[in-house]
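This report concerns only the one structure given below.
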Ligand SMILES: [Zn+2]
């Protein structure tokens with residue numbers, strides 16, 4: 001393993017080979033080439049073993065991809081510190097990533113690191129009907145309740161959310177469940193004497209479909225399962241779209257956040273994990289705000305329901321949670337789901353340098369703005385206008401003939 005230092009876009013590797021002193025190799029990773037020099041001066045005029053070994057180790061650390069080392073023209077400094085990037089050198093490895101206030105930074109000639117999101121092709125899905133709450137007096141009775149099980153995104157144990165009906169008993173003087181009994185499973189006989197409503201029968205059928213689908217996806221620790229997850233998303237969105245209006249007729253709704261909830265095969269919900277569940281029948285919209293900070297621009301999503309601006313939100317698989325009132329909103333399409341999940345990785349912020357803006361527009365923003373509304377705020381201005389390229393880079397009409 002060579003020792004690595006990093007200085008202004010250049011990796012300095014100290015490479016030792018047998019029966020020789022360590023050599024210094026200088027590597028710069030460009031879009032279409034790698035520039036390399038060695039202090040042995042490569043006497044044969046060919047790539048020396050130091051350079052070969054050094055680059056090999058560098059690539060090996062990032063799974064043979066050099067993308068993580070490519071941060072073109074992003075080495076501006078504020079005083080002595082890098083302005084945009086954080087560079088962690090731990091002797092043998094270098095990790096370079098954007099400072100959190102910039103979220104994810106656009107790389108000219110390439111795109112965004114971490115992931116590439118270029119698919120804007122799915123039409124919005126069905127609209128949703130809303131129902132009205134219809135609570136029945138149910139004191140001291142066995143009742144059917146519904147628990148929404150969900151997990152965080154991006155973990156090997158992440159799972160898609162499912163609905164789990166269970167039996168509960170309400171208090172002597174209230175409609176609230178005080179004791180929590182078994183989950184209803186197709187493979188387990190229902191021992192309690194419960195009469196299901198038609199709505200509940202239909203919900204239970206949906207829940208079996210959800211369970212079968214989600215169960216087949218498996219842990220997110222290999223490529224095949226990740227692909228299966230993506231294939232399941234649109235089907236599951238439709239099932240949730242069917243279930244949500246029906247859930248408005250149910251009095252006992254809960255949610256619980258789990259870790260690999262299908263694997264544990266628990267028979268009943270754990271009371272301390274449950275919280276009341278609120279779902280909005282409303283759609284939320286995604287638009288974007290692009291703000292000019294003079295030398296760079298920051299793009300952020302803006303989430304609104306028909307009633308309000310959802311200023312603080314959390315994204316979990318298939319749902320967006322308004323963290324101010326803990327209301328869940330179902331995503332409306334596979335496209336929104338993929339986009340919001342991808343944005344979450346970068347703290348919901350994307351940054352591009354002003355001088356990289358044209359490329360950022362062509363590779364990313366142009367297509368994004370076809371599908372999502374984007375507003376633009378000039379530097380030092382509060383006014384927002386509809387984003388157009390020439391708002392950011394004024395076109396000179398006299399010069400259009402080349
Ligand atoms: Zn050499």
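Counting neighbouring Cβ atoms within 10 Å and putting the fewest first, the residues 180, 166 line up as 180, 166. Checking the a/c ratio against 1.5 first, then a/b against b/c, what shape does the Cα gyration tensor give for region 1-48? Cα axes put region 1-48 in the oblate bin. What's the exposure ranking of 157, 38, going from fewest to most Cβ atoms within 10 Å? The most exposed by this proxy come first: 157, 38.
Computed over region 1-101, relative contact order equals 24 percent, with contacts defined as Cα pairs under 8 Å that lie 6+ residues apart. Kirkwood analysis of the Cα pair distances in the chain returns a hydrodynamic radius of 24.9 Å. Extension gain residue 201-residue 83, at 0.36 nm per residue separation less the Cα-Cα distance, in nm? Contour length minus the Cα-Cα distance gives 36.6 nm.
Computed from the C-beta positions of residue 16 and residue 153, the FRET efficiency with R₀ = 41 Å rounds to 0.45. Between residue 212 and residue 241, the contour length at 0.36 nm per residue exceeds the Cα-Cα span by 8.7 nm. By other beta-carbon atoms within 10 Å, ranking 246, 59, 164 with the fewest at the front produces 59, 246, 164.
How far, in degrees from 0 to 90, does helix 223-247 lean away from the longest principal axis of the Cα atoms of the chain, to the nearest 10? It works out to around 40 degrees.
Based on Cα contacts under 8 Å between residues 6+ apart, the chain shows a relative contact order of 15 percent.
Once you sort the root eigenvalues of the Cα gyration tensor of region 284-399 as a ≥ b ≥ c, which label holds: rounded (a/c under 1.5), prolate (a/b larger than b/c) or oblate (the other case)? Judged from the Cα gyration tensor, region 284-399 comes out prolate (a/c at least 1.5, a/b above b/c).
Placing dummy labels 7 Å off each Cα toward the beta-carbon, the span from residue 272 to residue 366 is 5.6 nm. Taking Cα atoms only, the orientation of helix 49-61 departs from the longest principal axis of the chain by about 10 degrees. Compared with the dominant principal axis of the Cα atoms in the chain, helix 198-217 is inclined by about 30°. Over the residues of the chain, the helix contribution to mean residue ellipticity at 222 nm works out to -6500 deg cm²/dmol, using -39500 (n - 2.57) for each DSSP H run of at least 4.
Run the numbers on region 142-275 and let me know its relative contact order in percent, using alpha-carbon pairs under 8 Å that are six or more apart. Result for region 142-275 is 35 percent.
Each value in this text was obtained by applying a stated rule to the coordinates, not by laboratory testing. For clarity, every value in this text was computed on a predicted model and none was experimentally measured. We place every Cβ from the backbone using ideal geometry, glycine too, and count neighbours over all the protein chains shown.
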